[in-house]
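Student: The structure's right below; bear with me while I get my questions together.
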Amino acid sequence: MSDKIQNNFYLLKESVKVLKKSKVIEEEINFKFLKNLLKNKGFKEQSVLPNLSSKYEIQVYYKKTRNPIKWKGFISTIVEQNEEIIKNIDSTSESYVIILFNLSTKKYFASTGGYAHVTIQEIATNDFGLEILSRIIKFDDKALRSSKERNLTGGVQGAIKFFRNDYNLFENESFGNIYNELNASISKDQLINFFGFAKNDLKLGSLCIAKNSFSLKKSISFIELLTLIDKCEKLIKKAPIVEINSIEKISKSNVVLLNDLWEGVQNRIFDNYLNSNNFFSVEIANKDFEKYYYANSTVLTLTINRRKQEIKFDYAIRNIQTVLDEIKNIDSNLSDLKFQTCITTATIETFDENGNVLTSDNLKNHFCTEVSHANKSYFLIERDWFEIRKTFIDKINEQADHFINSNKYNGPQMDKWITGSENDYNSSYFTKPDSLVFDKFTPENIEVCDIMRWDANNIYFYHVKKGFDNSMRDLCSQILIAGRKVIEDSKNSYKFLEKLYDTVTKNNGKSQYSIDAKKHLLKVKKTDFITFIQNRKIVFVLAVLDTSTSVRSLENDIEKFDSNIAKFSLNELSKNMRNLEIDFKILQVEK
């Protein structure tokens, strides 16, 4: 039996915060803490050989578990009772944890086998293996063999990639990527120089697996494991060569931080409920955002004072203010506790035109917002929390600045925004001969644009937004859906845009706005309307009014705009519109 195996190891946190009897207690991670933790998980301490290391104090824990084999009952209906296949109804799994305490640096490490990694995940530092890798490879090193990753936004929660030829981080970079694991090739020279292997012991290089643990795809002895940990501990003290992750998903095991973040959001929403002047931007969206935005109707279910209320809408709810208005209509004097109970138990369901459920989830799982806590920035994106590091914010600003200044709007001059709502501003274009207004008209639940204008060469689809805040994410999603639909429609004889024309000209709304929209569009024949579009280049324009009292420009002062979610959403939209080959501009409307 070989004394060498492939080993992984973790760097443990210095302390953890735990909830005990509704109190937050910070516990130091030491041998006493680890012994109690592992004992409670069914591990037993084992006696170790003396004098294993002068540098590390070492403890070993072992666990043996018997589990029923699920398929035995099925097989027993097929074979004779005396057959060997059904004699043993249980299987046995064995696991171990090696705790290694560096006597000089006072750092705790753990190496595991079997299923013990599940226990150690709770107290391991995040991205330890990725931090080691960031000190070994360069951004352009052709070292990547595979990755497990996810994106900050989007429907795909995770992806596994295998690279046929070696890739580098630059070639695989996607804005908003979070690497959970990277497999990278390590050369013989790196094994010698970084990890202390003897040249005579190496024939080839190796692969490393970097995640919150670190391991080499190479069988090593226990003494080599100690050397590897020692070398990695020295590596981690050096500055990274490259930053692998500038975003970090907050683990569900980090209970105290998650509670603090949720409490901060809930308190600010409650302040908004008490006083609408304490506006707190929270977008409402489902992780299946296209299904959500295409919804024909929505049911918001609220429980207030033990009474369940179902409020129906003929559109998808887009922001928290809509929910707060409904709660205030029912009871404007809820206590903090009753309000939080209402928010926590509320649900949102959306339906298509046939009454079929499109999406269904708790209200809180629809929240998208940004908060600061302990001098750090965090995004909440549909139930998941992310720490946003300064390098990511710098990249957001850099990319947003590049897009805005590379895609300056040069179409028809837009009026100043004197006062009023988005709809008020859009309605002012009823008086202009070179403009059409489509705000609030949504065939197939798609808002093609708020205002349409044209010049000799271009047709402009304006989406108008008051405020550059977190709700920009919602608008950017709308623009992407609209852009995709219009491009598809241009290849389908403009059937959808004809439907848009009919929706406005055949509407029977009684409001002055509906009457004016119908009257204004009827001045243009349907065939002329389609010709306007058919003979011109399609340009989508995001027209934004900055509601800040300070004077600042998206073109020159992007870093002065607080909402990183807004800037991130703009960057993602610009990339997606470019992929669709749609010309996309941004315009800051003057006050």
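Each reported figure results from applying straightforward, stated rules to the coordinates on display, with no laboratory input. Since we're looking at a predicted model, the values are computed, not measured. Positions of Cβ are generated from backbone atoms using ideal geometry, with glycine treated the same way; all protein chains shown enter the neighbour counts.
Student: Under 25 °C and 0.890 mPa s, how fast does segment 126-245 diffuse according to Stokes-Einstein, given a Kirkwood radius computed over C-alpha pairs? Answer in µm²/s, whole number.
Tutor: Translational D for this selection: 165 µm²/s.
Student: I'd like the orientation of helix 255-274 relative to the chain: the angle between its Cα long axis and the longest Cα principal axis, in ° from 0 to 90, rounded to 10.
Tutor: Taking Cα atoms only, the helix is inclined about 20 degrees.
Student: Using a Debye calculation, one point per C-alpha and no hydration shell, please list log10 I(q)/I(0) for the chain at q = 0.09, 0.13 Å⁻¹ in order.
Tutor: Log-scaled intensity ratios, in q order: -0.88, -1.37.
Student: Let me ask something additional. How large is the convex hull of the C-alpha atoms of segment 309-431 per residue, in Å³?
Tutor: Output value, Cα hull per residue: 227 Å³.
Student: Oh, and also: For the pairs K138/K211; K23/K308; K39/K249; K495/K537, note any where the Cα-Cα span goes beyond 22 Å.
Tutor: K23/K308; K39/K249
Student: Toward the positive end of the charge dipole of the chain, about the Cα centre and with charges on Cβ (Lys, Arg +1; Asp, Glu -1), which of Q81, I348, L100 goes farthest?
Tutor: Among Q81, I348, L100, the one farthest towards the positive end of the dipole of the chain is Q81.
Student: Evaluate the Kirkwood expression for the hydrodynamic radius of segment 255-386, namely the inverse of the mean inverse distance over all pairs of different C-alpha atoms, and round to one decimal in Å.
Tutor: Working: mean 1/r = 0.0656 Å⁻¹.
Hydrodynamic radius (Kirkwood, Cα pairs) of segment 255-386 is 15.2 Å.
Student: Just list whichever of K252/K390; K55/K188; K106/K237 have alpha carbons separated by over 18 Å in the model shown.
Tutor: Pairs exceeding 18 Å: K252/K390; K55/K188.
Student: If one computes the Cα centroid of segment 396-422 and of segment 5-63, what distance in Å separates the two points?
Tutor: 55 Å
Student: What is the fewest-to-most order of D516, D528 by other Cβ atoms lying within 10 Å of their Cβ?
Tutor: Going from least to most buried by this count: D528, D516.
Student: I'd like the Kirkwood hydrodynamic radius of segment 386-426, using the inverse of the mean 1/r over distinct C-alpha pairs, in Å. Please report the intermediate quantities before stating the final value.
Tutor: Details: mean 1/r = 0.0742 Å⁻¹.
Hydrodynamic radius (Kirkwood, Cα only) of segment 386-426 equals 13.5 Å.
Student: Relative to the longest principal Cα axis of the chain, at what angle does helix 495-505 sit, 0 to 90 degrees, rounded to 10?
Tutor: Between helix and principal axis, roughly 50 degrees.
Student: Something else: Only four residue types carry charge here, +1 at the Cβ of Lys and Arg and -1 at the Cβ of Asp and Glu. Report the dipole size of segment 255-386 about the Cα centre in Debye, rounded to the nearest 20. Numbers along the way, then the final one.
Tutor: On the way: 13 positive and 19 negative charges, 75 e Å.
The calculation lands at about 360 debye.
Student: Okay, moving on. So what are segment 462-578's ellipsoid semi-axes, whole angstrom, largest first, if each one is the square root of 5 times an eigenvalue of the alpha-carbon gyration tensor?
Tutor: They are 31, 19, 12 Å, listed from largest to smallest.
Student: Another question, if that's okay. Expressed as an acute angle from 0 to 90° and rounded to the nearest 10, what is the orientation of the C-alpha long axis of helix 222-235 relative to the principal long axis of the chain?
Tutor: That works out to roughly 40 degrees.
Student: Go ahead and estimate [θ] at 222 nm for the chain from helices alone: -39,500 (n - 2.57) per DSSP H run with n ≥ 4, summed, over the residue count, rounded to 500.
Tutor: -9000 deg cm²/dmol
Student: Oh, and also: May I have the convex hull volume per residue, in Å³, for the Cα set of segment 530-591? Write down the numbers at each step before the final one.
Tutor: Values: hull volume 6.9 nm³, N = 62.
Residue-normalised Cα hull volume stands at 112 Å³.
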